[in-house]
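Just below is one structure, and these are the notes that go with it.
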Amino acid sequence: MVLPVDRWYPAIFKRHSRRTYSAEVPEENKLARLDHVCREFRPFPEVRSELVRRSPETVFKGLVGHYGRVNGAPIYIAFIGKMSSPAVQEAAGYTGEGIILEATALALDTCWVGGFFRPEIVRSQIDIQEGEKVLSVTPVGYTPAEKTRQEKIMSRLVKSRLRKPLAKLVGGEIAAPWMEKALEAARLAPSAQNRQPWRFRVEKDAVVIAVDKSFSTSSISKRLDCGIAMLHFELGALAAGVVGKWEILRSPDVARFVL
């Protein structure tokens with residue numbers, strides 16, 4: 001599946017996490033489109049996405065740490081990976097964010113949930129193959145125009161709308177306008193507890209993404225967060241007319257974007 005840059009790049013600037021949903025089930029044409037993208041958008045063979053047409057109320061745990069319970073969502077999507085692959089985490093982030101941006105383009109709301117859900121419940125509702133693991137899920141649906149009081153509190157706790165400036169994220173000279181556009185798109189990527197663990201290193205004719213060395217209390221892999229940023233970066237590059245590809249690297253580097 002070719003990246004639908006005209007749909008997904010604008011969605012980067014519209015996407016925001018929501019945890020309180022109405023009971024309204026999205027229209028069938030939107031669900032059909034989401035299901036199609038889940039099946040067709042598989043840039044990494046070790047990761048797949050599955051639309052689950054049932055309420056995820058039993059999937060989500062209660063209030064844990066800085067995160068509030070997800071309430072009222074009518075459906076959800078599971079992101080599943082083959083754990084034998086050393087690149088499964090970044091593949092899950094890249095793939096899952098594509099599905100989330102498609103939902104955003106369909107005027108639906110979502111929320112990455114990587115740590116506080118019951119994977120055993122998800123496994124009981126979908127077919128899981130040997131060696132696979134549910135790495136993350138997202139509720140999908142419509143939300144109230146205004147955030148609830150609990151959502152506002154959670155947003156303030158994790159400073160969800162704040163992002164580090166590029167100067168703190170990038171090493172090396174940003175030599176071209178396309179690169180700045182791509183890096184800005186990556187800067188806006190969501191991450192667990194808004195930790196923004198990606199760091200970019202500009203090389204000749206390439207940009208490397210790596211994980212930072214900061215301590216994190218989250219159990220969610222930083223490489224999964226970096227996979228999300230990888231997709232944002234590539235969409236920004238494509239929006240600027242530049243085509244490249246990602247080469248997966250070994251830790252602490254994650255991948256290299258080569259023109």
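The values are calculated or read from the model by the stated rules, or taken from the named source; none is laboratory data. From a predicted model like this one, the values you see are computed outputs, not experimental measurements. FYI the Cβ positions are ideal-geometry reconstructions off the backbone, even for glycines, and counts take in every protein chain you see.
Selection of segment 187-235 for residues being at positive phi and crowded, with 16+ Cβ neighbours inside 10 Å yields Gln193, Asn194, Gln196. Considering only segment 10-27, I want to know if a residue exists there that is on the phi < 0 side of the Ramachandran plot, small (Gly, Ala, Ser) and either free of Cβ contacts under 8 Å to residues at least 60 places away in the same chain or assigned to a loop (DSSP other than H, G, I, E, B) (or both). Taking every residue of segment 10-27 in turn, at least one turns out to be on the phi < 0 side of the Ramachandran plot, small (Gly, Ala, Ser) and either free of Cβ contacts under 8 Å to residues at least 60 places away in the same chain or assigned to a loop (DSSP other than H, G, I, E, B) (or both). Can you tell me which residue within segment 84-103, out of those that are in a helix (DSSP H, G or I) and of a type in the set (A, V, I, L, M, F, W, C), is surrounded by the fewest Cβ atoms within 10 Å (Cβ to Cβ)? Among residues in segment 84-103 that are in a helix (DSSP H, G or I) and of a type in the set (A, V, I, L, M, F, W, C), the one surrounded by the fewest Cβ atoms within 10 Å (Cβ to Cβ) is Ile99. When residues in segment 216-244 are screened for being part of a loop (DSSP other than H, G, I, E, B) and without any contact (Cβ under 8 Å) to a residue 60 or more places away in the chain, 3 of them pass. Only residues that are acidic (Asp, Glu) and at pLDDT 95 or above were counted in segment 98-126, giving 2. Among the residues of segment 203-215, the ones that are touching a residue at least 40 places away in the same chain (Cβ under 8 Å) and part of a loop (DSSP other than H, G, I, E, B) come to 1 in all. Only one of the listed residues (Glu46, Glu28) is acidic (Asp, Glu) and under 23 Å from Ser251 (Cα atoms). That residue is Glu46.
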